[in-house]
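> Sharing a structure, written as structure tokens. Questions coming.
Nothing in this text is a laboratory measurement; each read-out follows from the coordinates by a stated rule. Predicted, not measured: the structure shown is a model, and the values here were computed from it. For neighbour counting, all protein chains shown are included, and Cβ atoms are generated from backbone atoms with ideal geometry for every residue, glycine included.
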Amino acid sequence: MSARIVGELEFFAKAFVWGILITLVYDGLRLFRQVVHHGNGWMALEDLLYWVVYALLLFRMMYVENDGMIRGFALLAVLLGMLLCLQLGKVMNYLRKKLQNRLRSLIIKSNHRKK
């Protein structure tokens, strides 16, 4: 494989990882919002700052890695990374709920037998 293609694949992989990181950090922000309740104004400001910071970081990554050229496949890789992370989160929540229900039913059965 040529060095140019390898470089493009590495750039795609970095953009993909950036998409995953963007989603994970936003999940952390959502968790923070569940713990510390605040109004819509603060949430809007947090979202604005979050997206401005990540837009600048993504631009920096593209500038450093790809001489500032915004490439469609890089934006696609970021989007795919975000979507994968969201889907994995849904699967993990589903599995967590199934496990919780299973454990709950086992505990109830165990308590019922003791009586």
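> Apply the Karplus curve 6.51 cos²θ - 1.76 cosθ + 1.60, θ = phi - 60°, to the phi angles in region 60-77 and return the couplings in whole Hz, x for Gly and Pro.
So the Karplus estimates, Gly and Pro as x, are 4, 4, 5, 5, 6, 7, 9, 6, x, 6, 8, 10, x, 5, 6, 5, 5, 5 Hz.
> Compute the long axis of helix 3-35 from its Cα atoms, compare it with the longest principal axis of the Cα atoms of the chain, and write down the angle in degrees, 0 to 90, nearest 10.
Rounded to the nearest ten degrees, it is 40.
> Answer rounded, prolate or oblate for region 10-76, using the Cα gyration tensor with square roots of eigenvalues a ≥ b ≥ c: rounded when a/c is under 1.5, else prolate when a/b is larger than b/c, else oblate.
prolate
> Need one number: convex hull volume per residue for the chain, Cα atoms only, in Å³.
It is 143 Å³ per residue.
> Residue-wise, which Karplus ³J(HN,Hα) couplings in Hz belong to region 78-90, taking 6.51 cos²θ - 1.76 cosθ + 1.60, θ = phi - 60°, and x for glycine or proline?
Karplus-based 3J(HN,Hα) across region 78-90 equals 4, 4, 5, x, 5, 5, 4, 5, 5, 5, 5, x, 5 Hz.
> Net charge within 15 Å of VAL25 by Cβ-Cβ distance, Lys/Arg positive one each and Asp/Glu negative one each, not counting VAL25 itself?
-1
> Then there is this: Counting other beta carbons within 10 Å of each residue's own, what order do TRP18, TRP42 fall into, fewest first?
Listing TRP18, TRP42 from fewest to most nearby Cβ atoms yields TRP42, TRP18.
> Could you tell me the distance between the Cα centroids of region 1-41 and region 45-73, to the nearest Å?
First find each Cα centre; the distance between them is then 11 Å.
> Can you compute the helix-only [θ] at 222 nm over the chain? Use -39500 (n - 2.57) per DSSP H run of at least 4 residues, normalise by all residues, nearest 500 deg cm²/dmol.
Helix contribution divided over all residues of the chain: -32500 deg cm²/dmol.
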